[in-house]
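**Q** Mind having a look at this structure? Questions to follow.
Quick note: the coordinates plus some simple rules give every number you see, no bench work behind them. For clarity, every value in this text was computed on a predicted model and none was experimentally measured. Cβ coordinates were reconstructed from backbone atoms using ideal geometry, including for glycine residues, and neighbour counts include every protein chain displayed.
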Amino acid sequence: MIQYYAKEREIFKDAYDADLTDFELRAVFERLKSHYKFRQYLVFKGTSFRGHCTHWEIRLPHDTSLGLLVHEVAHAIQFKKLHLGDKPKKWHTKRHTSIMRRILKYINEKGEVWISKANLKAEQRIQTVEKQELKAKALVEFKKTPDYKLQVIGKRIKQWETKKKRAESYLKKLLRNKKYWEKRRDKNGRI
Ligand SMILES: [Zn+2]
């Protein structure tokens with residue numbers, strides 16, 4: 001087993017030398033997942049030199065190499081041919097090596113574009129958040145100004161003026177009613 005790892009690291013030296021951030025690894029992983037259609041999701045845990053693949057998840061140490069990601073993704077592709085709960089008799093076979101080779105060929109064609117696109121998106125997201133924060137800050141500052149206070153007071157005054165008008169017209173109606181009944185009383189004498 002150790003021999004297999006050593007040999008693999010020799011064959012795919014470039015991939016094992018390529019250290020990526022978690023974010024970059026995830027960007028590559030998501031592309032591979034939609035291309036090869038395996039079901040595992042990706043979690044980062046710890047900082048060892050080993051990864052892990054089950055029917056459901058691929059576990060990688062933080063900030064690891066592209067080689068290790070591809071090693072585990074190749075296992076995910078091996079899992080695709082198995083029923084749930086089954087395990088292959090041997091994990092580290094010639095087939096595993098050839099799957100790795102195929103994945104790396106695919107990554108070499110497009111990987112850089114994926115990563116730069118993902119980084120660009122992240123950058124844009126950060127800028128949007130910063131803009132929103134600036135806006136929020138500006139609003140907090142604006143709320144302290146006389147202009148803002150006057151705006152609020154103006155709105156309240158309008159609300160109360162509307163209420164006042166309504167009260168006045170209702171009072172008028174009541175007074176009219178009162179007069180009507182007073183007249184009727186005076187005509188007919190006391191009820
Ligand atoms: Zn393995």
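**Q** Once you list every other residue whose beta carbon is under 9 Å from the beta carbon of Thr97, what net charge do they have if Lys and Arg are +1 and Asp and Glu are -1? Can you show the working numbers first?
**A** Details: positive: Lys7, Lys94, Arg95, Arg101; negative: Glu8.
Net local charge, Thr97 excluded: +3.
**Q** Which of the lysines could a cross-linker bridge to Lys7, judged by Cα under 18 Å and excluding same-chain residues fewer than eight apart?
**A** Reachable lysines: Lys90, Lys94.
**Q** By the scheme Lys and Arg +1, Asp and Glu -1, what is the net charge of all other residues having a beta-carbon under 15 Å from that of Val43? Can you show the working numbers first?
**A** Working: positive: Arg26, Lys33, Arg39, Lys45, Arg50, Arg59; negative: Asp22, Glu30, Glu57, Asp63, Glu72.
Net charge in that neighbourhood comes out at +1.
**Q** Quick check: pseudo-label points 7 Å beyond the Cα along Cα→Cβ at Arg39 and Ala138, how many nm apart are they?
**A** 5.0
**Q** How far is helix 94-142 tilted off the main Cα axis of the chain, in degrees rounded to 10, range 0 to 90?
**A** With rounding to tens, the tilt is 20 degrees.
**Q** What order do you get for His55, His75, His62 when you list them from fewest to most C-beta neighbours inside 10 Å? Let's see the in-between values first.
**A** Working: His55 15, His75 21, His62 12.
The fewest-first ordering by Cβ neighbours comes to His62, His55, His75.
**Q** Using 7 Å Cα-to-Cβ label points, what is the Trp181/Val152 separation (nm, one decimal)?
**A** Computed distance between label sites Trp181 and Val152 equals 4.4 nm.
**Q** On to the next question. What stretch of the chain, leaving out the sites themselves, is the longest with no trypsin sites (Lys or Arg not before Pro) in a DSSP loop having at most 13 other Cβ atoms within 10 Å? Mind dumping the intermediate values first?
**A** Numbers: sites that count: Lys37, Arg39, Lys45, Arg50, Lys81, Lys89, Lys90, Lys143, Lys144, Arg190.
Answer from the scan: 91-142.
**Q** Could you point to the residue in Leu150, Thr64, Trp91 farthest towards the positive end of the chain's charge dipole, with +1 and -1 charges on the Cβ of Lys/Arg and Asp/Glu respectively?
**A** Comparing the listed Cα positions along the dipole, Leu150 ranks first.
**Q** With 10 angstrom as the radius, rank Glu30, Glu24 by how many other C-beta atoms surround their C-beta, starting from the fewest.
**A** Values: Glu30 14, Glu24 21.
Going from sparsest to densest Cβ surroundings: Glu30, Glu24.
**Q** Under 18 Å between alpha carbons, and skipping anything fewer than 8 positions from Lys131 in its own chain: which aspartates and glutamates qualify?
**A** Qualifying aspartates and glutamates at Cα under 18 Å: Glu123, Glu141.
**Q** Taking the Cα atoms only, what angle lies between the long axis of helix 2-11 and the longest principal axis of the chain, rounded to 10 degrees?
**A** The angle comes out near 80 degrees.
**Q** If the only charges are +1 at each Lys and Arg Cβ and -1 at each Asp and Glu Cβ, what is the size of the charge dipole of segment 1-86 around the Cα centre, to the nearest 20 debye? Mind showing how you got there, number by number?
**A** Details: 13 positive and 12 negative charges, 81 e Å.
Result for segment 1-86 is approximately 400 debye, rounded to the nearest 20.
**Q** When the dipole is taken about the Cα centre of the chain, and only Lys, Arg (+1) and Asp, Glu (-1) are charged at their Cβ, what size is it in debye, to the nearest 20? Working shown, then result.
**A** Working: 48 positive and 23 negative charges, 577 e Å.
Dipole size: approximately 2780 debye.
**Q** Within straight cross-link reach of Lys183, meaning Cα distance under 26 Å, which lysines are found once same-chain residues fewer than 8 apart are removed?
**A** Lys183 reaches Lys172, Lys173.
**Q** Say the cut-off is 32 Å between C-alpha atoms; which of Lys135/Lys163; Lys89/Lys121; Lys137/Lys158; Lys45/Lys87 go over it?
**A** Details: Lys135/Lys163 35 Å; Lys89/Lys121 42 Å; Lys137/Lys158 28 Å; Lys45/Lys87 23 Å.
Beyond 32 Å between Cα atoms: Lys135/Lys163; Lys89/Lys121.
**Q** While we're on this one: Distance cut-off 22 Å, Cα to Cα: go down the list Lys33/Lys117; Lys13/Lys80; Lys143/Lys165 and report the pairs above it. Mind dumping the intermediate values first?
**A** Details: Lys33/Lys117 17 Å; Lys13/Lys80 26 Å; Lys143/Lys165 30 Å.
Those over the limit are Lys13/Lys80; Lys143/Lys165.
**Q** While we're looking at this one, here's another question. If one takes the longest principal axis of the Cα atoms in the chain, at what angle in degrees, from 0 to 90 and to the nearest 10, does the Cα axis of helix 146-188 lie?
**A** Approximately 40 degrees, to the nearest 10.
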